[in-house]
């Protein structure tokens, strides 16, 4: 393997590991604010119990996000120096604003949010919770702006091969940004909804009688049931936007080699890059045309349109994009089924009489948001290849001159660390759930040891 | 009026690095001191840095972010040269950051493992940062001599971090732990002295340009307060450490504040030496800077946000002032 491919795998591994945790903290911040506001409004201790459990998950996820985020800011220089040299004038300010407005807001108020409940007035603690949630969301906004600009760049001009910004409003509101932002925020919401529902289901299975657990379970299921239809609509609109601006990506997602009308929706296929066709194809006639153009006779672009005269391939690798897309959609459908079934069961039977089988199924869904989110990111990012910035900078032109064996050794080191941490993270969350379910005090639980000042709801 | 934008950004970046070295320096130092503490003491040491470390580490992101956005060419040039130590540092930062969270949440039987990783990560971070400082000072060239020198600066910086960490604990702890921290600080002062000395002596030796900047008349005269004040501060810290603890906890803040000032002086000296180069003796800040219009956009944001950051960092330190007790989510 060459340094280019290894650097891509390394960056992909780093950013995949990183995105897992912001995906949780973005929405979990708002859910914590919801718990806190419910506590302020009702004075019911169960909401604070839910807050206290989930704030620990938040702290853990936040720390994982911070440390893996630091890695990201170095990777540009160590592996992709060409990126900042070419598009630094656009990417720089966006990254700077991300660090300035958001990162600090989160990190500085996080201390008060986590450990300050008894040290500050209740409303300051609520405010700190809000600012952390707001900060994580702003973080996501700036990063999505930059990422979207890499897909659909505008508002710039090239001088001596270097990008210079000419219109910042055009850069901020580039064509794919609104769709990508909404799609990602909803993905975060769904990931958290299933995490809360799944972990709470696990606790209910362990005969946890705490009211806080039941309220969290209900919150998770209803949140998921409400968000998933929105996500399906948002995803469809994002797909149409991609068809307009990055047709080669859509062709790869559909596994469509020749431009055609009445294009089938492929349920299964193994795209073959040697023969430039699909093996073992199973499809529903005309459905891709209907989804993408809302017309059975609509024309869907084919991959063969994106091959240069000299045979250079200008479209992304098909197999990876095709299957990432299907995994994402498949998990989405599973989410729709499980969350609506859950909402129905809650309505008919209530939280105390949920079927065991359903609770077991939901526990298994706890981390499914991650699977869908990663699959979605692989679809869109691999779908951008061979470009790093569409039409502006090819990925191969940005890679650093570091030798392949060096990149390979650091890649292996990162992968080992990440695999270990992933296991530890998931294990500790379920451990916290097991302990909480048995009613044991958690480590660092405010109620252990001497009785501290009792928590008061904010006015 | 035209502003010297590259200079402003170099100053902002330098300030961020300095703030990082002081702030993350103390929490890294606390980690480095772990093996010398009992399990109970470790919990209190962690409690003393708990509310701060996330924000402290963010200064590194700001510093490297400013390098990335304001001097994109230099970012690539420096980081590809430092590829291996940077990777090791990042893995070390990851390990200690997550160990910090895990040790508090994992079952008691696993705590020793996380404590070990917290120590190991803190230690490796200090070593690699000091190593990179050494290589940078030597002009980013990898020869056996330079690697040897960089290994030394790695050890010195690690000991210096443990020193400022001990100074932080002196202020945040009381009783037996405070007494212990005072002896740790006494034993660690040499790291600060040798570290500053090594860099100060090596820099002019590497480049005649830097040598002339320091040792020509009349620069020598008006630069003389820098080494003199450093020597005075070292003397003051040494004197205080011999007398602490005092009745009513007087002067427990002094070692930390004086050490911060010492770090600032050392850093100012380095900045003076290298200016205007950002890649030593190869690329100046003016050659590496991004386009002025992009720098303007960042500057406006920075001027609004950095005072806010300073204000609420101060607020956070105020909220968590006083002696650290057990850490609780209350």
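Mean per-residue shielding of peptide A:429-436 is 1, counting Cβ atoms of other chains within 10 Å of each Cβ. Taking the C-alpha atoms only, the angle from helix A:177-205 to the longest principal axis of chain A is near 40 degrees.
Using the Stokes-Einstein relation with a Kirkwood hydrodynamic radius computed over Cα pairs, the translational diffusion coefficient of the stretch B:213-277 at 10 °C and a viscosity of 1.306 mPa s comes to 118 µm²/s.
Taking the Kirkwood radius as Rh and the Cα radius of gyration as Rg, the stretch A:118-256 has a ratio of Rg/Rh equal to 1.12.
Rounded to the nearest whole angstrom, the semi-axes of the ellipsoid equivalent to the stretch A:139-217, taken from the Cα gyration tensor as √(5λ), stand at 45, 9, 8, largest first.
If I take all pairs of Cα atoms in the stretch A:157-202, what percentage of them are more than 15 Å from each other? Looking at the stretch A:157-202, the distances longer than 15 Å represent 66 percent of pairs. Report summary: the helix-based calculation at 222 nm, which adds -39500 (n - 2.57) for every DSSP H run with n ≥ 4 and divides by the residues of chain B, gives -27500 deg cm²/dmol.
Using only the C-alpha atoms, the convex hull of the stretch B:1-97 corresponds to 104 Å³ per residue. Relative to one another, the C-alpha centroids of the stretch A:345-366 and the stretch A:226-266 are positioned 33 Å apart. Across chain B, the mean sequence separation of Cα contacts (distance under 8 Å, 6 or more residues apart), normalised by length, yields a relative contact order of 24 percent. Evaluated at q = 0.05, 0.10, 0.11, 0.14 Å⁻¹, a Debye calculation over the C-alpha positions of chain A (equal weights, vacuum) places log10 I(q)/I(0) at -0.20, -0.80, -0.95, -1.39. Computed from Cα atoms, the angle from the helix A:104-115 axis to the main principal axis of chain A rounds to 30 degrees. Cβ crowding within 10 Å, taken as a proxy for footprinting-reagent exposure, orders A:438, B:323 from fewest neighbours to most as A:438, B:323. Look at A:339, A:73, B:224 and count the other Cβ atoms within 10 Å of each Cβ; fewest to most, that gives B:224, A:73, A:339. The convex hull drawn around the Cα atoms of the stretch B:186-227, when projected onto a plane and averaged over every direction, covers 3.2 nm².
Working note: Cα atoms of the stretch B:63-113, range along each principal axis, descending, whole Å: 48, 20, 8. When the inverse distances between all different Cα atoms of the stretch A:294-353 are averaged and flipped, the Kirkwood radius reads 15.7 angstrom. Taking Cα atoms only, the orientation of helix B:39-49 departs from the longest principal axis of chain B by about 40 degrees. Give the distance, in whole Å, between the Cα centre of the stretch B:50-81 and the Cα centre of the stretch A:152-204. Using only Cα atoms to place each centre, the spacing works out to 23 Å. Each listed q (0.14, 0.16, 0.20, 0.23 Å⁻¹) maps to a log10 I(q)/I(0) for the stretch B:204-330, found by the Debye formula over equal Cα scatterers with no solvent: -0.99, -1.08, -1.17, -1.26. P(r) for the protein assembly as shown, from all Cα pairs and a bin width of 10 Å, is 2, 13, 22, 25, 20, 12, 5, 1, 0 %, short bins first. A crude spin-label estimate for the pair residue B:311 and residue B:286, with each label 7 Å from Cα along the Cβ direction, gives 3.7 nm. Its alpha carbons give the stretch A:264-363 an Rg and a Dmax of 20.0, 67 Å.
For the stretch B:88-120 versus the stretch B:185-219, the spacing of their alpha-carbon centroids is 35 Å. Dividing the summed helix terms, -39500 (n - 2.57) for each DSSP H run of n ≥ 4, by the number of residues in chain A produces a 222 nm estimate of -23500 deg cm²/dmol to the nearest 500. Computed over chain B, the quotient of the alpha carbon radius of gyration and 2.2 N^0.38 Å is 1.01. Evaluating kT/(6 pi eta Rh) at 37 °C and 0.692 mPa s, with the Kirkwood radius of the stretch A:24-78 over Cα pairs in the Stokes-Einstein relation, gives 262 µm² s⁻¹. With neighbours defined as other Cβ atoms within 10 Å of a residue's Cβ, the residues A:226, A:406, A:113 order from fewest to most as A:226, A:406, A:113.
Coordinate-derived values only; no laboratory data. Note that the structure is a prediction, hence the values are computed from the model and not measured. Reconstructed Cβ throughout: ideal geometry from the backbone, glycine too, with neighbour counts over all protein chains shown.
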